[in-house]
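Note sheet for the following structure.
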Amino acid sequence: TIGLIALIQLNTSNTGPAQGLTLDPVRGEATAAVTIEEYSDFQCPACKQLYPIIKQVLQAFPGQVKLVYNDFPLRTIHPNGAAAAEAGQCAFAQDAFWEYHDLLFQRQADWSPASELDTLFIGYAVELGLDQVTFSTCLADDTTLASITEDESEGKQASVNSTPTVFVNGERLIGPTYDELYAAVADQLGQ
């Protein structure tokens, strides 16, 4: 069994990644005072553990925090992470990213070891009420790759080399616990 080790690193000298040209999924109020920018891999077990923590922090600070999601598939250790990122982007194209995001993490054990991913990912889209033809066409072409590649490039420029990595108004936290993420947000809000 490989244990998960969460490393916490606060780096105030790093102002965080710059937003690129493509749109990233955002959860929360656009005018929120605090931005959590997450670099995540859908196949990463530690990312799966972080996703409910981030949701709890957003609920703890209603209207004050927004989450920006960035794809950062670790291709060498998570061979299906990039395909899952593409599926997430195809759901984003139909305004269902967060629902699909949650489903990918909830069912990570089902699709993570699979070799026929398209059938599973299309099934998830249908389950969520997305247009099957549009979703299938999106998976088959490479239109989502630009957004994923841009997220990876921005992450590398910000010295992201593991997932999950989050930036709270530019301050880096790697694999934070609820208490650490809550404290970082509260600090940014002067609480």
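The values are calculated or read from the model by the stated rules, or taken from the named source; none is laboratory data. As the structure is a prediction and not an experimental result, all values here were calculated from the model. As a convention, Cβ positions derive from the backbone with ideal geometry for all residues, glycine included, and neighbour counts pool all protein chains shown. What goes into the accessible areas is simple: the full protein's heavy atoms, side chains included, and nothing from ligands, DNA or RNA. Shrake-Rupley method; radii C 1.70, N 1.55, O 1.52, S 1.80 Å.
Which sequence of Tyr178, Tyr39, Tyr51 reflects their accessible areas, 1.4 Å probe, from the largest down? Don't skip to the end; give the middle numbers.
Working: Tyr178 75, Tyr39 0, Tyr51 35 Å².
Accessible-area ranking of Tyr178, Tyr39, Tyr51, largest first: Tyr178, Tyr51, Tyr39.
According to the square roots a ≥ b ≥ c of the eigenvalues of the Cα gyration tensor, what is the shape class of segment 97-139, taking rounded for a/c under 1.5, prolate for a/b larger than b/c otherwise, and oblate for the remainder? Intermediate results must be reported in sequence, preceding the final value.
Numbers: a/c = 2.31, a/b = 1.26, b/c = 1.84.
Oblate.
Return the carbon/sulfur percentage of the accessible area of the chain, one whole number, probe 1.4 Å, all protein chains in place. Walk me through the numbers before you get to the answer.
Details: 4860 of 9210 Å².
Roughly 53 percent, rounded to a whole number.
Evaluate the charge dipole of the chain about its Cα centre and quote only its size in Debye, nearest 20, assuming +1 on the Cβ of each Lys and Arg and -1 on the Cβ of each Asp and Glu. Please list the in-between numbers first.
Numbers: 8 positive and 25 negative charges, 103 e Å.
That gives the chain a dipole magnitude of about 500 debye.
May I ask you to derive the relative contact order of segment 85-156, considering only C-alpha pairs under 8 Å and at least 6 residues apart, and to give it as an integer percent?
Numbers: 42 pairs, mean separation 27.2, N = 72.
Reported relative contact order: 38 percent.
Read phi for every residue in segment 124-134 and hand back ³J(HN,Hα) as whole Hz from Karplus 6.51 cos²θ - 1.76 cosθ + 1.60, θ = phi - 60°, with x for Gly and Pro.
Karplus-based 3J(HN,Hα) across segment 124-134 equals 5, 4, 5, 4, 7, x, 7, 6, 5, 5, 4 Hz.
Mind running the shape call on segment 20-83? Use the C-alpha gyration tensor, a ≥ b ≥ c as the square roots of the eigenvalues: rounded below 1.5 for a/c, prolate if a/b tops b/c, oblate otherwise.
Working: a/c = 3.67, a/b = 1.64, b/c = 2.24.
Since a/c reaches 1.5 but b/c is at least a/b, the shape of segment 20-83 is classed as oblate.
Give the separation of the Cα centroids, segment 43-68 to segment 79-142, in Å.
Segment 43-68 and segment 79-142 have Cα centres separated by 20 Å.
Might you work out the accessible area of Cys138 for me, using a 1.4 Å probe with all protein chains in place, and round it to the nearest 10 Å²?
20 Å²
For Leu117, Leu145, give the ranking by accessible area with the largest first, probe 1.4 Å. Could the numbers behind the result be given before it?
Values: Leu117 20, Leu145 60 Å².
The ranking, largest first, comes out as Leu145, Leu117.
According to the square roots a ≥ b ≥ c of the eigenvalues of the Cα gyration tensor, what is the shape class of segment 42-191, taking rounded for a/c under 1.5, prolate for a/b larger than b/c otherwise, and oblate for the remainder?
Details: a/c = 1.92, a/b = 1.65, b/c = 1.16.
Prolate, since a/c reaches 1.5 and a/b exceeds b/c.
Tally the DSSP beta bridges in the chain and give the antiparallel ones as a percent, rounded to 5. Intermediate values should be presented prior to the final figure.
Values: 11 of 18 bridges.
If we restrict to bridges inside the chain, about 60 percent are antiparallel.
With all protein chains present, calculate the accessible area of Arg75 using a 1.4 Å probe and round the result to the nearest 10 Å².
Here the accessible area works out near 120 Å².
Taking only C-alpha pairs under 8 Å that are 6+ residues apart, what is the relative contact order of the chain in percent?
38 percent
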